[in-house]
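The values are calculated or read from the model by the stated rules, or taken from the named source; none is laboratory data. Not measured: the values here are computed from a predicted model. FYI the Cβ positions are ideal-geometry reconstructions off the backbone, even for glycines, and counts take in every protein chain you see.
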Amino acid sequence: MQIEQTMRDILLAESDAIRNIPYSEDYDKAVALIVDHVHRRGGKLVTSGMGKAGQIAMNIATTFSSTGIPAVNLHPSEAQHGDLGVLQPDDVMLLISNSGKTREILELVSLARRLINSVPIIVITGNGESELARLADATLLTGGAPEVCPLGLTPTTSTTMMTVIGDILVVNVMKQTGFTRNDYAMRHHGGYLGQLAIRN
């Protein structure tokens, strides 16, 4: 019974947190930046984050790539040792940090803008007053709901919010670019999803 109750408490807390993700016009700006720079100009989306946020960033990149928006994930530490060279004009960066204070991500912003001063930066964070939020062209707030971890420390609720915000961006960009089932099938030659897209 204890596990069942804990499960239901977690589901309730995280679903409430999802429903309370705040909308702002920065969502419109973020979608417009991705559509303009990647879809129209031929750039790419470069995602990054540290730790759990980095894993979410990688997932967002792969989802965008599968839906017609070329994207790569850049590890912020490796960026300081040459991998920043992946960044080119017309790219857009999507950076994730719940605190907005992650040292490696702040350093990545500095390095990226030293290389390409005009690179637009979209940030997903739980802290709208953070230095990272102030540096962004578009800031997407998670809402700052407390973690469901009993210690209040382990990224749990926050990573769920990050994932959902990534989905919001992907779906809206797909709608803006007119991405079709045929386009999807062209990128999924193997596996069930590719066959499903072709059949329908």
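Overview of results
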item: Candidates Gly128, Gly178, filtered to the one that is more than 16 Å from Ala17 (Cα to Cα), at pLDDT 95 or above and loosely packed, with under 13 Cβ neighbours inside 10 Å; result: Gly178
item: Among (1) loosely packed, with under 15 Cβ neighbours inside 10 Å; (2) outside any loop (DSSP other than H, G, I, E, B); (3) in contact (Cβ under 8 Å) with a residue 12 or more places away in the chain, the one test that Leu12 misses; result: (3)
item: Any chance Val148 is free of Cβ contacts under 8 Å to residues at least 12 places away in the same chain, among the aliphatic types (A, V, I, L, M) and under 26 Å from Ser15 (Cβ atoms); result: no
item: Thr142 being in contact with a helix residue (DSSP H, G or I) (Cβ under 6 Å, 6 or more places away or on another chain) and under 27 Å from Met7 (Cα atoms); result: yes
item: Residues (surrounded by 15 or more Cβ atoms within 10 Å (Cβ to Cβ) and closer than 18 Å to His37 by Cβ) located in region 71-107; result: Ala71, Val72, Asn73, Leu74, Leu84, Leu87, Asp90, Asp91, Val92, Met93, Leu94, Leu95
